[in-house]
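The values are calculated or read from the model by the stated rules, or taken from the named source; none is laboratory data. Given the structure is predicted, the values throughout are model-derived calculations rather than measurements. Note that each Cβ is placed from the backbone with ideal geometry, even for glycine, and that neighbours are counted across all protein chains shown.
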Amino acid sequence: MTASRKSVNRETIMRNLEPSYYTDPDMFRRECERVFWRAWQMLGPADAVAQPGSYTAARIAGASVLAIRGRDETLRAFRNVCRHRGAQLVKHGSGSCSLLRCPYHNWVYDLDGSLKQTPWFGDGEDFDLADWPLEPVSVEVWRGLLFVAIDPEQSLTAQLADTIPELSGEPIETYRVQREERLVFDANWKVYTDNFVEGYHIPGIHPEFFQAIEFDAFETTAHDNLVRMSAPPREGLFYKGKWLWMWPNWTLSLFDGGMNTSRIDPLGHDRTELIYHFYFADDAPDTATARAQTIERNLDVVRQDFEICIETHANYASHGYRPGPLSPRHEQGVAWFQNRILAAIDH
Ligand code: FES
Ligand SMILES: [Fe+2]
């Protein structure tokens, strides 16, 4: 035991990030510009934009976007920002409409983003509706999930990378969303991500979850834009025993006959929102109670992480912490994520 510990080369032990990466508002601005506004963002079920006029609007690290299906069946996405004086066109969430009417001064856009009417605007010789369409952003659907990107630096499939083969055997597009849940807490988004990509904290923070898996067989491996965690489940665990985190900020955990996804969206440098969706193959009324229980037990596990993340963030902000070592056994995912962040914001 001692010998094998000594054999680990100290040079290879990674250290946690400097706390300023979590607490400095300037660092957060760099992450917005170099990570969130350049990467594909998973916005939930593509079902929400299946019908003409149906839309999903969301915030991406503060930038508001809108994906909407046109009358011509084409899926488009735009900045959810009026070209007049910048009001938000539709509220965040999913819905449907026949036109996009800005709530501020009633400018009207068609579903394809073209400006149609500007009531009471007045005549101007050089004002032409055609000059003021909504600003487009990129949109794609992958296996039933909706993705948008403001200014993508790579294709969606290049970003998904090793996630594509990892999920090839799972029928994720056959699952239907049954619930959305939003949770907000006061910690930097990377404090939560560091926590998500390691199972090292399961014995301390999730005692019931710990009892329900073979923790000694817990495995964490870092791949291209993917951290994969797995453990053999014991009887009665609602998880299937595989948890995935994808660069830069979404997760997918498998149940038997279903899954959850989440997007980790920063509301600021010290506040984060999780947008969870729960999907199941089965939608029979007589099994609805069991599905609701699965969702509640899953949310209990998610909430158990908040307190430790909030307190850890406060310690980083207090200048009371210097970077400690990362476990070679359990924190390869943390090391991979932190290195990826450094590469993204330092170039
Ligand atoms: S900001 Fe939209 S109509 Fe004025
Ligand atoms: Fe956790």
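Structure above, values below:
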quantity	calculated
Verdict on residue 113 being without any contact (Cβ under 8 Å) to a residue 24 or more places away in the chain and over 30 Å from residue 17 (Cβ atoms)	no
Flag for residue 213 being closer than 24 Å to residue 24 by Cα and among the β-branched types (Val, Ile, Thr)	no
The lone exception for residue 203 - which of (1) within 30 Å of residue 47 (Cα to Cα); (2) in a helix (DSSP H, G or I) it fails	(1)
Tally of residues being out of contact with any strand residue (DSSP E or B) (no Cβ under 9 Å at 6 or more places or on another chain) and surrounded by fewer than 20 Cβ atoms within 10 Å (Cβ to Cβ) across the range 261-270	1
Failed criterion for residue 203 (all others in (1) within 15 Å of ligand 2 (Cβ to nearest atom); (2) crowded, with 18+ Cβ neighbours inside 10 Å hold)	(2)
Matching option when the condition is exposed (fewer than 15 other Cβ atoms within 10 Å of the Cβ) and either within 24 Å of residue 62 (Cα to Cα) or not assigned by TED's automatic domain parsing to the domain that holds residue 56 (or both), among 320, 258	320
Any hit, the range 82-92, residues being of a type in the set (Gly, Ala, Ser), surrounded by fewer than 17 Cβ atoms within 10 Å (Cβ to Cβ) and not assigned by TED's automatic domain parsing to the domain that holds residue 172	yes
Residue match in the range 94-101 (condition: modelled with pLDDT of 95 or more and touching a His at 6+ places or on another chain (Cβ under 9 Å))	no
Residue within the range 172-186 that is more than 24 Å from residue 31 (Cα to Cα), within 19 Å of the chain's Cα centre (by Cα) and in a loop (DSSP other than H, G, I, E, B) present	yes
Within the range 156-171, tally of residues that are out of contact with any strand residue (DSSP E or B) (no Cβ under 9 Å at 6 or more places or on another chain) and part of a loop (DSSP other than H, G, I, E, B)	3
Qualifying residue in the range 90-107 (condition: within 28 Å of residue 25 (Cα to Cα) and touching a residue at least 40 places away in the same chain (Cβ under 8 Å))	no
The range 253-280: number of residues that are in contact with a Pro (Cβ under 7 Å, 6 or more places away or on another chain) and not in a strand (DSSP E or B)	1
In the range 272-295, residue farthest from residue 31 (Cα to Cα) [restricted to those that are more than 20 Å from the chain's Cα centre (by Cα) and of a type in the set (Asp, Glu)]	286
Residue list for the range 19-55, restricted to those being assigned to a strand (DSSP E or B) and touching a His at 6+ places or on another chain (Cβ under 9 Å)	44, 45
Single residue of 192, 200 found to be in contact (Cβ under 8 Å) with a residue 40 or more places away in the chain, more than 16 Å from ligand 1 (Cβ to nearest atom) and closer than 30 Å to residue 57 by Cα	192
Test: residue in the range 333-345 that is assigned to a helix (DSSP H, G or I), among the basic types (Lys, Arg) and at pLDDT below 95	no
Residues located in the range 53-81, provided they are within 16 Å of ligand 1 (Cβ to nearest atom) and either without any contact (Cβ under 8 Å) to a residue 24 or more places away in the chain or surrounded by fewer than 21 Cβ atoms within 10 Å (Cβ to Cβ) (or both)	64, 79, 80, 81
Identity of the residue in the range 233-252, at pLDDT below 95 and not in a strand (DSSP E or B), that ends up surrounded by the fewest Cβ atoms within 10 Å (Cβ to Cβ)	235
